[in-house]
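Shown next, in structure tokens, is the structure this report addresses.
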Amino acid sequence: MFIQTEATPNPATMKFLPGRTVLAGEPRNFRNEEEAQISPLARRLFEIDGVSGVFLAEDYVSVTKSDGDWQHLKPAILGVIMEHYLSGQPVLAENAAAKDQGEQFFDDADEEIVETIKELLETRVQPAVAQDGGNITFHGYRDGVVFLNMEGACSGCPSSTATLKHGIENLLRHFIPEVVEVRPV
């Protein structure tokens, strides 16, 4: 098995591509060991000293480090991913609950605007940020302000503010004049 690695715009996050499906369906973000208990792969990755986040997507795993050098962490991470696939275990436990979308908020009167926001995020934003090892999802909309969740490499990325302000905000404002600002949650 050959696992490719890619740097991301976030120096604390690296993307690992095993060349096969990691997680079909919605991506999953694990910010700590407790959240990772539903994933044998994420749980094992958190056992590595210095790992502070794991993001599982369709064809890659993004790992975020709290400290340590990638030169020392990469071999351990590659070993865990390889061992996981050789073990035949599922990426998520069979009894894992569906992904909790979190509490979304918006006024019923804004439902059409929110649907357009979600469609633009899904078709234009998420594919682009997935290339960088992350994900951005809708959280809420109020008074022209869009609130977004940053996951994987996007969470804590030094360039995420620029992505939000100059990329996503401009895109949404172009298609939806009611949008005045985009903020992370």
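The values are calculated or read from the model by the stated rules, or taken from the named source; none is laboratory data. Keep in mind the model is a prediction, meaning the values are calculated, not measured. Reconstructed Cβ throughout: ideal geometry from the backbone, glycine too, with neighbour counts over all protein chains shown. All accessible areas refer to the heavy atoms of the entire protein, side chains included, with ligands and DNA or RNA removed. Shrake-Rupley method; radii C 1.70, N 1.55, O 1.52, S 1.80 Å.
Kindly establish whether residue 76 is surrounded by 20 or more Cβ atoms within 10 Å (Cβ to Cβ), in contact (Cβ under 8 Å) with a residue 12 or more places away in the chain and not in a strand (DSSP E or B). Here the answer is no, as residue 76 does not meet what is asked. Just checking, does the stretch 88-103 include any residue being crowded, with 16+ Cβ neighbours inside 10 Å, under 17 Å from the mean Cα position of the chain (by Cα), at pLDDT below 95 and not small (Gly, Ala, Ser)? Yes - at least one qualifying residue is present in the stretch 88-103. For residue 94, the test of being out of contact with any helix residue (DSSP H, G or I) (no Cβ under 6 Å at 6 or more places or on another chain), over 30 Å from residue 144 (Cα atoms) and free of Cβ contacts under 8 Å to residues at least 40 places away in the same chain is passed.
When we screen 59, 132, 110 for residues that are in contact (Cβ under 8 Å) with a residue 24 or more places away in the chain and open to solvent by less than 40 Å² (accessible area, probe 1.4 Å), the only hit is 110.
Checked against the criteria, residue 169 does not count as assigned to a loop (DSSP other than H, G, I, E, B) and either touching a Phe, Trp or Tyr at 6+ places or on another chain (Cβ under 6 Å) or surrounded by fewer than 21 Cβ atoms within 10 Å (Cβ to Cβ) (or both).
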